[in-house]
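The values are calculated or read from the model by the stated rules, or taken from the named source; none is laboratory data. Every value quoted in this text rests on a predicted model; they were computed, and no experiment measured them. Glycine gets a Cβ as well: all are built from the backbone with ideal geometry, and neighbour counts include every protein chain shown.
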Amino acid sequence: MGRRRFLKSIALAGVIATMGISGCVSEPEPTPAPTAPARTPPLPATATPVPAAPAATPSHPGAQPTPTPAATPTPTLAPTPTSTPAPTLVNILQSEKQRVASPDVKEADLATLANGNSAFAFGLYQVLRENDGNLFYSPYSISMALAMTYAGARGDTENQMGDALQFLLPQDQLHAAFNSLDFELASRGEGAEGKDDEGFRLHIVNAIWGQKDFQFLSGYLDLLAENYGAGLRILDFMKAPEQSRITINDWVSEQTEDRINDLIPQGAIDELTRLVLTNAIYFNAAWQYPFDEETTSQGDFFLLNGDKVSVPMMRQEESFGYMKGDDYQTVELPYDGRELSMIILLPEQGKFASFEASLNRQLVDGIIQKICYQQVALSMPKFEYVSNFGLKQALAILGMKDAFIPEAANFSGMDGKKDLYIQDVLHKAFVSVDEAGTEAAAATAVIVGITAVIPSTPIEVTVDRPFIFLIRDVKTSTILFVGRVQNPSA
């Protein structure tokens, strides 16, 4: 049996998934027989090429597939004299289907989706925590990118992916629920500020990148267009893999305001690549109660090995969400508008390892339900860092095994054949927290406002040791980002 082509998936904060197919690299694409699976008609040779980044199909209310402009000869790109190939111009092959702007989704389905996504977020955390150092990722971005991949999975591959990703709804309900949640999140932040005074931003976008002339089932492309607002962007991985990689990376960079660069490393896309699915998420929000820069000063942060580092510590006294557990403290910091918040989980000295090992959806849900607002004297470090990793091994540990095995993977829902498999899932995420707010790039019922008697002496919370933090949407309980800070100066 020849080599199979692969599908690769990327998640942002950045996420990507790539797929390939059986056959030698030099083997021409087979001519479809009369009984071949249906396909979306190829883009006419006279269609105007569209630059990759500006042509992004946004995942937000009102987004519609971009119509293909009228005839203009496709230009031939002259080779660049430099060693780095230029980005490729991209044609967009659109499904005839429009994105469903008002999906009919039950509240129970949205709750089930959020619960499953949270369970996946902390299941993945338990695998990733084995890595040393700081950690940051967007479980929402990863889930959405892999949901687009899951749409084409069948048989055992579908079952394993559903179990590993905690997709608790059947396929026909799952993708509609993701669409509804995406519209809900896109409505956040009206009138709210960003940490850079340019306004609140929560951008979530999807794109599909397919091999020129390769046959994908029209039903698969329709599902992605209707539920994820994603058109098929045509690239030639076979003849121009490096230029294709640069084009996709440039798109990711633009969607995350240049915070996620070089998501796909050199060599990750090759002549066997047939499909790349991308999801990008970018978040920039000001605190509801910004810290005063004049109160920030150097302070000690105690590492797990007993050493300490000096870091800038922000300080303020304000009414924050607070909850005290047996061996940890929790503080909730709302962002401007109070639609999203950061939750800090601070284990007591010497208790970090045991608390981290116990982290799951049930524990976090229980903590959130017990949070009430109290006067808190808060000290916490400024921090900024990037996390990037391949998720193939982590997802396999969670039970998603066949998808990565050429002989076992079944993605026949994409092209009608069992010839595609996932080579890797790549994720890269950036976070920056300072006095003004939070900038992040990559993916609970509304908290009941229980009025608490404000004590005369505020509760002191000093975040001077390793901690875990979440960025979540309050109304839907969707966890957009999860992070662990072991050393703010790293």
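Observations on the structure shown:
- Residue in the stretch 323-346 that is assigned by TED's automatic domain parsing to the domain that holds Phe469, closer than 27 Å to Tyr282 by Cβ and surrounded by fewer than 16 Cβ atoms within 10 Å (Cβ to Cβ) present: yes
- Residue match in the stretch 182-202 (condition: in contact with a strand residue (DSSP E or B) (Cβ under 6 Å, 6 or more places away or on another chain), part of a strand (DSSP E or B) and surrounded by 19 or more Cβ atoms within 10 Å (Cβ to Cβ)): yes
- Hey, Arg154 of a type in the set (D, E, K, R) and modelled with pLDDT of 95 or more or not: yes
- Within the stretch 131-159, the set of residues being in a loop (DSSP other than H, G, I, E, B) and either aromatic (Phe, Trp, Tyr) or surrounded by fewer than 24 Cβ atoms within 10 Å (Cβ to Cβ) (or both) comprises Asn131, Asp132, Gly133, Asn134, Ala151, Arg154.
- Neighbours by Cβ (under 6 Å, 6+ apart or cross-chain): first from the stretch 142-170, at positive phi; second surrounded by 24 or more Cβ atoms within 10 Å (Cβ to Cβ) and aliphatic (A, V, I, L, M): none
- Only one of the numbered conditions (1) in contact with a helix residue (DSSP H, G or I) (Cβ under 9 Å, 6 or more places away or on another chain); (2) under 24 Å from Leu185 (Cβ atoms) is violated by Glu254, and that is (1).
- Tallying residues that are in contact with a Ser or Thr (Cβ under 7 Å, 6 or more places away or on another chain) and either among the charged types (D, E, K, R) or under 16 Å from Ala436 (Cα atoms) (or both) within the stretch 291-328 yields 6.
- Boolean, Asp292 is surrounded by fewer than 17 Cβ atoms within 10 Å (Cβ to Cβ), out of contact with any Gly (no Cβ under 7 Å at 6 or more places or on another chain) and on the phi < 0 side of the Ramachandran plot: yes
- Segments classed as strands (runs of 3 or more DSSP E), wholly inside the stretch 239-358, with at least 2 members that are of a type in the set (Val, Ile, Thr): 273-286, 308-324, 328-334, 340-347
- Any strands (runs of 3 or more DSSP E) falling wholly within the stretch 401-482 and containing at least 3 residues that are at pLDDT 80 or above and more than 18 Å from Met323 (Cα to Cα): 420-433
- Residue selected from the stretch 96-130 under the condition outside any helix (DSSP H, G or I) and among the polar types (S, T, N, Q), by the criterion surrounded by the fewest Cβ atoms within 10 Å (Cβ to Cβ): Ser102
- Qualifying residue in the stretch 262-272 (condition: over 27 Å from Gly413 (Cα atoms) and among the β-branched types (Val, Ile, Thr)): no
- Asn159 vs. criteria farther than 26 Å from Leu263 by Cα and either at pLDDT 90 or above or outside the structural domain of Asn249 (by TED's automatic domain parsing) (or both): yes
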